[in-house]
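A short write-up of the structure that comes next.
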Amino acid sequence: MLSQEDLMSRITKVKNLREECFKYLETAAQQTLTHQIIYAIARLSSEKMGPVKLAEIAQAVSGMSDKSKQDVIRLTMEKTLLKCGMVEKLHYAANDVRYILTAYRFQKVKKIESFRGDNVEPIGEVFEIPMSTWPVTDEYFILKSKKSGYEEALKKLNSDYDNGRIPRGRYEDLIRELTGNLNEIIRKIDSKFKDIGELMGK
Amino acid sequence: MLIISLTSVDINYSLVMAVPALTTPDTLSNTLLINMPDKGSKNMLYVSFVNNTAAPYAILPNAQSSYALNQSYSWVRDETSRYSLVSYSIDNGNFIPVSRLARGNFTLDIPAENAHSIVFLATAQYPIDINSSTGFTISPPSPTGDNWFDSGSNVTIATPYTLQTDQGKIRQQLIGISIDQSDSKLIPRVDSGTFNVEVLMSSPHNLNFTSVTQYYLNGVSQYGTITGIGWYDAGSMAILTVNAPDELLVRPLLTGWEGTNIKSSGNTASILVDSYKTVVAKWTTDYSQAMLLGIIPPIVAASIFLIRYKRNKPTIDLPVKLQTTDDNYSKEIIDYVLQKSIENLDSMRTSGIISDNRYSQLKEKLKLN
């Protein structure tokens, strides 16, 4: 399977797409097979935390995974998403090919050819595949939730001490314990999920 | 005095030099005076250039109300430079800037009832020629919108260290620069950012950037971690190494590597990087230790139990856990941490960060942590 770093890098990077490729993401293309394939790969990759097989994509898109459906999906991907560089094809073995999105955030660009060389000019804002389909590990969400839980618990502890509910000694023990735990969570989030945290926290 | 009749308003330096070729007999209307005439003609137009960047001339317009004077935006200075029109002055007034353009004519409407004196100001320009396969930008940009720059100006050329021609697969890596045909100088290899070079435009310049094609070498493995993944020069050899996990009973054994142009030895593979490629470490599972110990059946039973257990219990190794005490207040705090953690999870679901499906799984894992 792909490493966690690889999956994270796919989320954090913004991929430039020319208009003829960007159109597959737009609302107007919602009914097209290509659009449905993109979202199916995103959703399945998020569930499996890795690349997905053609049969799984076919099942998700059409509710069937027979060979003819798989052929349609494969040919559509080859002509559009693979050509545009939006999907990557990984050969795990001779009979084990899997697919994954190359990025989850896309920028529509216009290519400008001039004597100074080719340049790209961004058009509009960065488009994001919904966060709920990003391949972010459970560990991140658990840590984020726990962080919030400990922060709130520290507030309660201070408030209870101020109101005389607990003695000083007990209060100091708990403060030390809760703060230590919170700092450990923060350290782990910062070391493993800094970029993703900034993206999801915005 | 040589007098030549002209048809129109195409009066400029090159025209003066080629006057005979431009005379047309059809509609002779204006009169060009090659030598400056004596002042005093009623509506004579005197045209001159600051610093003699072009020869002065005079025109005797026939028009009754106004006369359209055309002046080229640029004209040849010598083999390597040109003049570019900057501004003009009428009857010794202030100089008025003109739009800086590389080609075409600047047209000025002059009232024809009286004599006037027009002075044009031009500056020398030199061209810069840049060859870079990673693209480049020039700042400040050319005032004339092309690759020519005013004499004496400083120009910064910025070129990215890398340019991905196929995102994540193929890129150009900047490695050298040659200025004005000099020997190429090495540029340190950097993954991101831009390389900047400043030149003074006191002569024409030629900048030749050298780059190499690089391919991304990816590696996947069911077990352990692979080192050596990254960008490599086309045609180079790369070494990938996978570390085998140290398991006591059921051990993964590396059986080889899959990919093109690979030579492998043990947990190391040498790969010829001739395209973007993904190399796969192939594994099999060694049960011999477990067989020897005769504990396969218990392990199978335990595995079944674990699979069922794992559906409910998360495998996340959280570094922190509040120590449970028999103190009622401690229990209250522990419950409070969980309650607030779940509320945070709720808000992530509400804001669409996590799906409903995932929310249920995460909530269960939180409860068990």
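For this structure, a couple of remarks:
- Search result, residues across the stretch A:192-201 that are within 11 Å of chain B (Cβ to nearest Cβ) and farther than 15 Å from A:ILE142 by Cβ: A:LEU199, A:GLY201
- Answer residue from the stretch B:88-112, given it is touching a Pro at 6+ places or on another chain (Cβ under 9 Å) and in a loop (DSSP other than H, G, I, E, B) and is surrounded by the fewest Cβ atoms within 10 Å (Cβ to Cβ) among those: B:ARG100
- Looking across the stretch A:170-191 at every residue that is more than 10 Å from every other protein chain (Cβ to nearest Cβ) and free of Cβ contacts under 8 Å to residues at least 12 places away in the same chain, the one that is farthest from A:MET131 (Cα to Cα) is identified as A:GLU172.
- Conditions (1) hydroxyl-bearing (Ser, Thr, Tyr); (2) exposed (fewer than 13 other Cβ atoms within 10 Å of the Cβ); (3) modelled with pLDDT of 50 or more: number failed by B:THR24: (3)
- In the stretch A:141-167, the residues that are at the interface with chain B (Cβ under 7 Å from one of its Cβ atoms) reach residues that are among the acidic types (Asp, Glu) and in a helix (DSSP H, G or I) with C-beta atoms within less than 7 angstrom, at least six apart or across chains, in these pairs: A:ILE166/A:ASP160.
To keep it simple, each residue is scored yes or no on (1) farther than 30 Å from A:MET86 by Cβ; (2) part of a strand (DSSP E or B); (3) more than 13 Å from every other protein chain (Cβ to nearest Cβ); (4) open to solvent by less than 30 Å² (accessible area, probe 1.4 Å).
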site	(1), (2), (3), (4)
B:SER133	no, no, no, no
B:GLN164	no, yes, no, no
B:GLY168	no, no, no, yes
B:ILE175	yes, yes, yes, no
B:VAL199	yes, yes, yes, yes
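- Of all residues in the stretch B:69-87, those being in a strand (DSSP E or B) and either open to solvent by 30 Å² or more (accessible area, probe 1.4 Å) or within 16 Å of B:PHE149 (Cα to Cα) (or both) number 8.
- Residues (more than 7 Å from chain B (Cβ to nearest Cβ) and either among the polar types (S, T, N, Q) or closer than 30 Å to A:ILE175 by Cβ (or both)) located in the stretch A:116-140: A:THR133, A:THR137, A:TYR140
- Taken over the stretch B:331-341, the criterion of being more than 7 Å from chain A (Cβ to nearest Cβ) and either open to solvent by less than 30 Å² (accessible area, probe 1.4 Å) or under 15 Å from A:LYS144 (Cα atoms) (or both) is satisfied by B:GLN339 alone.
The values are calculated or read from the model by the stated rules, or taken from the named source; none is laboratory data. Bear in mind that the values here come from a model prediction, so they are computed numbers and not experimental data. Don't worry about glycine lacking a Cβ; one is built from the backbone with ideal geometry, like all the others, and counts go over all protein chains shown. With ligands, DNA and RNA removed, areas are computed over all heavy atoms of the protein, side chains included. Shrake-Rupley method; radii C 1.70, N 1.55, O 1.52, S 1.80 Å.
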